[in-house]
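Below is one structure, written out as structure tokens; comments come after it.
The values are calculated or read from the model by the stated rules, or taken from the named source; none is laboratory data. Not measured: the values here are computed from a predicted model. With ideal geometry, Cβ positions are generated from the backbone for all residues, glycine too; neighbour counts draw on all protein chains shown.
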Amino acid sequence: MLEQLDVQPGHRVLEIGAATGIDVALLAELVGPTGEVVTIEIDGALAAGARAGLAAAGYHHVEVSCADGADGHPACAPYDRIIVTAGAWDLVSPWWQQLAVGGRMVVPLRLHGSGLTRSIAFDIQQPGRMVSSSARVCGFVAMRGAAAHTERSLQLTDDIVLHLDAADLGDEARLGQTLTHPAHEYWTGVQIRTGEPVEHLDLWLATTTPRFARLSVGSEARERGLVNPALQWAGAAVYDGGDVAGQGTHGWTSVERLPALLDRHG
């Protein structure tokens, strides 16, 4: 994300989400002594910890504010760069207003209700218009505060969660019984060589099927062989009624009527 941000010496930078403070320390190094870095953290304990850690490491010129990042930090605006380190559902107005024309914003933007996220770099070349210059695969804890968004998750087992779009009218009762049925494996015939770019296949799937979801699977479920989605697709899956199909390490795995699902959803 720092590579996407392309920070230069002397830049004024706003970070949303301080956490431990390590990222803002790196930003302070990049802007140098002539630059300025402000970081915002909504969690009071995290803000205090970041403030103490930065001071102990000698970064006394970094400002740590305990506030809601959705409001930005107008006192030091405009900024040459803004970086957000929490999953956001939108580019809220204060960020637009506080980014200087010619500046860049990097945001982990949630592109689907299941939590499918890309770190996207936006350049603002004129007021009210931003253009994306790059997108990287990533995953972040969702924004809190005023910019928080309702998420919908269905616990299939203690170790497996199905993340859905809140607007989808999936049959939760039937989906909740998914893993009580025998699993089936079906080879699609699609082969991907090592080194081929596959990081956006889940994004393609989300834009071509109306029933896209993501499976979060813990290590215990993987070890038992209950569900083992391919890691490079971040648990991408499709569902229909009480059936779920997900990309496995050797093809597609599902619970019922898999060929019909594939025919219907590609």
Test for P197: is it surrounded by fewer than 12 Cβ atoms within 10 Å (Cβ to Cβ), under 23 Å from the mean Cα position of the chain (by Cα) and modelled with pLDDT under 75: yes
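Table: residues versus (1) assigned by TED's automatic domain parsing to the domain that holds V92; (2) under 15 Å from L215 (Cβ atoms); (3) of a type outside the set (D, E, K, R).
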residue: G128; (1), (2), (3): yes, no, yes
residue: S132; (1), (2), (3): yes, no, yes
residue: D158; (1), (2), (3): no, yes, no
residue: D171; (1), (2), (3): no, no, no
residue: R174; (1), (2), (3): no, no, no
residue: W187; (1), (2), (3): no, no, yes
residue: P197; (1), (2), (3): no, no, yes
Residues of the stretch 110-145 classified as part of a strand (DSSP E or B), under 15 Å from the mean Cα position of the chain (by Cα) and not hydroxyl-bearing (S, T, Y), total: 8
Output for the stretch 78-91, where each listed residue is modelled with pLDDT of 95 or more and either within 11 Å of I16 (Cα to Cα) or touching a helix residue (DSSP H, G or I) at 6+ places or on another chain (Cβ under 8 Å) (or both): P78, Y79, R81, I82, I83, V84
Residues (over 23 Å from the mean Cα position of the chain (by Cα) and assigned to a loop (DSSP other than H, G, I, E, B)) located in the stretch 58-98: G58, Y59, H60, H61, V62, A77, P78
Given (1) modelled with pLDDT of 80 or more; (2) assigned to a helix (DSSP H, G or I), index of the condition L179 fails: (1)
The stretch 40-57: number of residues that are assigned to a loop (DSSP other than H, G, I, E, B) and under 23 Å from the mean Cα position of the chain (by Cα): 2
Any pair with Cβ under 9 angstrom, 6 or more apart, that starts in the stretch 4-26 at a residue that is among the hydroxyl-bearing types (S, T, Y) and ends at one that is surrounded by fewer than 18 Cβ atoms within 10 Å (Cβ to Cβ) and in a helix (DSSP H, G or I): T20/L46; T20/G49; T20/G53
For R81: the one exception among (1) closer than 21 Å to R12 by Cα; (2) free of Cβ contacts under 8 Å to residues at least 60 places away in the same chain; (3) of a type in the set (K, R): (2)
Any hit, the stretch 244-263, residues being at pLDDT 75 or above, within 18 Å of H112 (Cα to Cα) and under 18 Å from the mean Cα position of the chain (by Cα): no
Any hit, the stretch 150-162, residues being in a loop (DSSP other than H, G, I, E, B), among the acidic types (D, E) and under 27 Å from V92 (Cα atoms): yes
Leading residue by the ranking (surrounded by the fewest Cβ atoms within 10 Å (Cβ to Cβ)) among those in the stretch 202-227 that are of a type in the set (D, E) and more than 16 Å from G115 (Cα to Cα): E223
Criterion: buried (at least 18 other Cβ atoms within 10 Å of the Cβ), out of contact with any Pro (no Cβ under 8 Å at 6 or more places or on another chain), of a type outside the set (G, A, S) and assigned to a loop (DSSP other than H, G, I, E, B) - qualifying residue of V107, V24, V7, V37: V7
